[in-house]
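Report on one structure; see the data block that follows.
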Amino acid sequence: MSTAKKRLCTICARGGSKGVPRKNVMPLGGIPLIAHSIRQAKDSGLFDCVAVSSDDAEILAIAQAEGALIIERPNHMATDTSPKVPVIRHAHQEASRLTGQAFDTQVDLAVTAPLRLTDDIVKAVELQESTGASSVITGAPSKCPPYFSLVELGVNSCVSLSKELDKPVTRRQDAPACFDMNGSIYVWPSRAILADDASVFYEDTRLLVMPEYRSVDVDTPLDFKILEVVYADGTYKEEQSFPAVAAQN
């Protein structure tokens, strides 16, 4: 992995979470949730700048205390329906303006998926920079393959498999490999995130597969309870990552 590249890490956290109110500042192990991602980014040693984008004064104060560059997010980008990519692009542009730096690689870490290791961040960046992929995402092996156990409601509320094959799958283990996005880490070359058609997915998007325990993402109060248990147990740190090559097919 090139050490000459300039890398930016953004962490985007609005104040108005509905599913779990104030989840971005809730304590996990005595530390505000957002502080975990800031510290991981800094501990990785990869980034020339770690920036937090938020519309919330408390979040920005925590970020500043943790040594992150703070970026005030416009109100129109902090609604319940605001898409993720424009927020990241705005943060990238503001970080460049405020620091006077042009960045080669853009990484975004989700506050709500704090069980990643710094090694996961390093591997995701290596995967993008070594392949030149337009984006890298992270995920875990799916428990509900759409070929076997994921169903959709159709006409008259009747259900059918989301995806069917010519030869039906009768065992989950025989289904084609599928993965659940965990939202933990996203990586782009800066040219991609700054483009008008910036997206999460491209024809050459790559996947870094992370273990299930490190893929807990907080959307509901139950998710946060699971997160607390897994974090306190600590064994998530011992789980081995999957070889990145397994996700490059």
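The values are calculated or read from the model by the stated rules, or taken from the named source; none is laboratory data. Computed from a predicted structure; not experimentally measured. All Cβ positions, even for glycine, are placed from backbone atoms using ideal geometry, and neighbour counts span all protein chains on display. Heavy atoms of the whole protein, side chains included, go into the accessibility calculation; ligands, DNA and RNA do not. Shrake-Rupley method; radii C 1.70, N 1.55, O 1.52, S 1.80 Å.
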| query | Does at least one position in the range 161-184 carry a residue that is more than 16 Å from the chain's Cα centre (by Cα), in a strand (DSSP E or B) and over 30 Å from His92 (Cα atoms)? | reply | yes
| Residue selected from the range 5-40 under the condition small (Gly, Ala, Ser) and farther than 16 Å from Ala65 by Cβ, by the criterion surrounded by the most Cβ atoms within 10 Å (Cβ to Cβ) | Ser17
| request: Among what's in the range 172-185 and is open to solvent by 20 Å² or more (accessible area, probe 1.4 Å) and not aliphatic (A, V, I, L, M), pick the residue that is nearest to Ala13 (Cα to Cα). | output: Asp180
| Near pairs, Cβ below 7 angstrom, 6+ apart or cross-chain, from the range 113-128 (of a type in the set (Ser, Thr, Tyr)) to any residue that is open to solvent by 10 Å² or more (accessible area, probe 1.4 Å) | Thr118/Gln40; Thr118/Asp43; Thr118/Ser44
| message | Need the failing condition index for Gln64 against (1) modelled with pLDDT of 95 or more; (2) within 19 Å of Val218 (Cβ to Cβ); (3) polar (S, T, N, Q), just the number. | response | (2)
| note | The number of residues in the range 129-145 that are farther than 20 Å from Asp174 by Cα and either open to solvent by 10 Å² or more (accessible area, probe 1.4 Å) or under 14 Å from the mean Cα position of the chain (by Cα) (or both) is 9
| task | Kindly indicate which of Glu58, Glu94, Glu66 is more than 18 Å from the chain's Cα centre (by Cα), among the acidic types (Asp, Glu) and open to solvent by 50 Å² or more (accessible area, probe 1.4 Å). | result | Glu58
| query | Just for the range 186-197: of the residues that are out of contact with any Lys or Arg (no Cβ under 8 Å at 6 or more places or on another chain) and farther than 18 Å from Ala140 by Cα, which one is surrounded by the most Cβ atoms within 10 Å (Cβ to Cβ)? | reply | Trp188
| query | Name the residues in the range 41-52 that are open to solvent by 40 Å² or more (accessible area, probe 1.4 Å) and within 22 Å of Glu94 (Cβ to Cβ), would you? | reply | Lys42, Asp48
| remark: Of (1) among the polar types (S, T, N, Q); (2) modelled with pLDDT of 90 or more; (3) more than 30 Å from Lys6 (Cα to Cα), Asn156 fails just (2)
| request: Enumerate the pairs (first residue in the range 91-107 and without any contact (Cβ under 8 Å) to a residue 60 or more places away in the chain and within 16 Å of Cys12 (Cβ to Cβ); second residue anywhere and of a type in the set (S, T, N, Q) and open to solvent by less than 50 Å² (accessible area, probe 1.4 Å)) with beta-carbon separation below 8 Å, excluding pairs fewer than 6 apart on the same chain, so at least 6 apart or on different chains. | output: Glu94/Ser53
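Give me the residue from the range 198-239 that is hydroxyl-bearing (Ser, Thr, Tyr) and open to solvent by less than 30 Å² (accessible area, probe 1.4 Å) and, out of that set, modelled with the highest pLDDT.
Initial filter on the range 198-239 (hydroxyl-bearing (Ser, Thr, Tyr)): 199, 202, 205, 213, 215, 220, 231, 235-236.
Filter again for open to solvent by less than 30 Å² (accessible area, probe 1.4 Å), leaving 215, 236.
Working: Ser215: 95, Tyr236: 88.
Only one residue fits best here, namely Ser215.
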| said: If a residue must be small (Gly, Ala, Ser), open to solvent by less than 20 Å² (accessible area, probe 1.4 Å) and in contact with a helix residue (DSSP H, G or I) (Cβ under 8 Å, 6 or more places away or on another chain), how many such residues does the range 97-128 contain? | reply: 2
| Asp104 being more than 27 Å from Lys237 (Cβ to Cβ), touching an Asp or Glu at 6+ places or on another chain (Cβ under 9 Å) and among the acidic types (Asp, Glu) | yes
